[in-house]
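Remarks on the structure that follows.
The values are calculated or read from the model by the stated rules, or taken from the named source; none is laboratory data. This one's a predicted model, so the numbers in the text were calculated from it and none came from an experiment. Cβ: placed from backbone, ideal geometry, glycine included. Neighbour counts: every protein chain shown. Surface accessibility is based on the protein's heavy atoms, side chains included, excluding ligands, DNA and RNA. Shrake-Rupley method; radii C 1.70, N 1.55, O 1.52, S 1.80 Å.
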Amino acid sequence: MNSSRQQRIIEHFRRSIHSYDDGAKVQKLVGDTLIAKMAALGDIRYDRVLEIGCCTGSMTETLCRMKSVRELWVNDLVPECCYQAAERVGAVAGDIRLLAGDIERLAIPDGLDLIISSSTFQWLKDLPLAFNKFTTSLHDNGFLAFTMFGPGTMRQVRELIGVGLEYTSEGDLAEMLKRNFSLVEIETSCCTLYFQNAREVLRHIQATGVGGAGAYHWTPGKLRVFERDYRLQFGTEKGVPLDYVSTCVIARKGQSVR
Ligand SMILES: C[S@@+](CC[C@H](N)C(=O)[O-])C[C@H]1O[C@@H](n2cnc3c(N)ncnc32)[C@H](O)[C@@H]1O
């Protein structure tokens, strides 16, 4: 049984499937950067791979075009996302297996070479527990490679209406990971998108599925105040900004020798 929070997340991502690829410019950028960093490392194997939170399969496709993956498991909370990602890479990946559902509750395959995920882990409830689970599914030289959004992401919206996810900092992530992994790469970068007005910011948030981050009851009055305050507090000559902060991690199973 899904909680009401999870049901909301599912509904928002399900509704955004058709608009996601057009709107998710930052997610595309950080996913491409992750794949480029992985490509530059020679020692990752791509025989058995699990992707967590595949969404529309945008990064799945980039990965499968870059490397030949023999067995690819695609996971997402929204089953339609798994179907779409699988269809998208059908011609370029080997054996594709669907793993629909909450990755924190599902049994995941073992003996994996790589667990990869982009712009998804900020949605998980218990990240240290999830990392432990991933460790047992990776074989001894396996890799965990991911990006996730961090503190400061969509800070303008949080400051104005108090809604947003609980993000994990790069320092806290490094602490969690070093119990089971050695860090090959960890880097945080910022990116700001600009919109004509605050209403466009909200459209962007809906289009990329992030509207499920919190329950907020909009009324015409609240919307007017939001638009006015967003312009007054954050407006620039380029338009109104929306910040994203993303951490990119490549970690190898096994504690670092220090
Ligand atoms: C921002 S999208 C991911 C984007 C995609 N990886 C990309 O690079 O374009 C986040 C995805 O995570 C999924 N998700 C959220 N919580 C999840 C969970 N607990 N288990 C599996 N998937 C989850 C959502 O359904 C959504 O499709």
Search result, residues across the range 68-112 that are of a type outside the set (A, V, I, L, M, F, W, C) and outside any loop (DSSP other than H, G, I, E, B) = GLU71, ASN75, ASP76, PRO79, GLU80, TYR83, GLN84, GLU87, ARG88, ASP95, ARG97
query = Looking at the range 90-104, is at least one residue within 14 Å of the ligand (Cβ to nearest atom), under 23 Å from LYS253 (Cβ atoms) and not acidic (Asp, Glu)?
reply = yes
ask   = Counting only residues that are aliphatic (A, V, I, L, M) and within 18 Å of the chain's Cα centre (by Cα), which one in the range 107-124 is farthest from the ligand (Cβ to nearest atom)?
value = LEU114
inquiry  = Scan the range 189-209 and tell me whether some residue there is modelled with pLDDT of 95 or more, touching a Cys at 6+ places or on another chain (Cβ under 9 Å) and not in a loop (DSSP other than H, G, I, E, B).
reply    = yes
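Looking at the range 20-34, which of its residues are over 14 Å from SER117 (Cα atoms) and either part of a helix (DSSP H, G or I) or more than 7 Å from the ligand (Cβ to nearest atom) (or both)?
Matches in the range 20-34: TYR20, ASP21, ASP22, GLY23, LYS25, VAL26.
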query = If you check ARG179, ARG155, which single one turns out to be touching an Asp or Glu at 6+ places or on another chain (Cβ under 6 Å) and either open to solvent by 20 Å² or more (accessible area, probe 1.4 Å) or at negative phi (or both)?
reply = ARG155
request  = Could you please tell me which pairs satisfy a Cβ distance under 9 Å, a separation of 6+ or placement on different chains, a first residue in the range 109-121 that is within 15 Å of ARG48 (Cβ to Cβ), and a second residue that is surrounded by fewer than 24 Cβ atoms within 10 Å (Cβ to Cβ) and polar (S, T, N, Q)?
outcome  = PRO109/SER137; ASP110/THR136; ASP110/SER137; GLY111/SER137; LEU112/SER137; ASP113/ASN141; ILE115/SER137
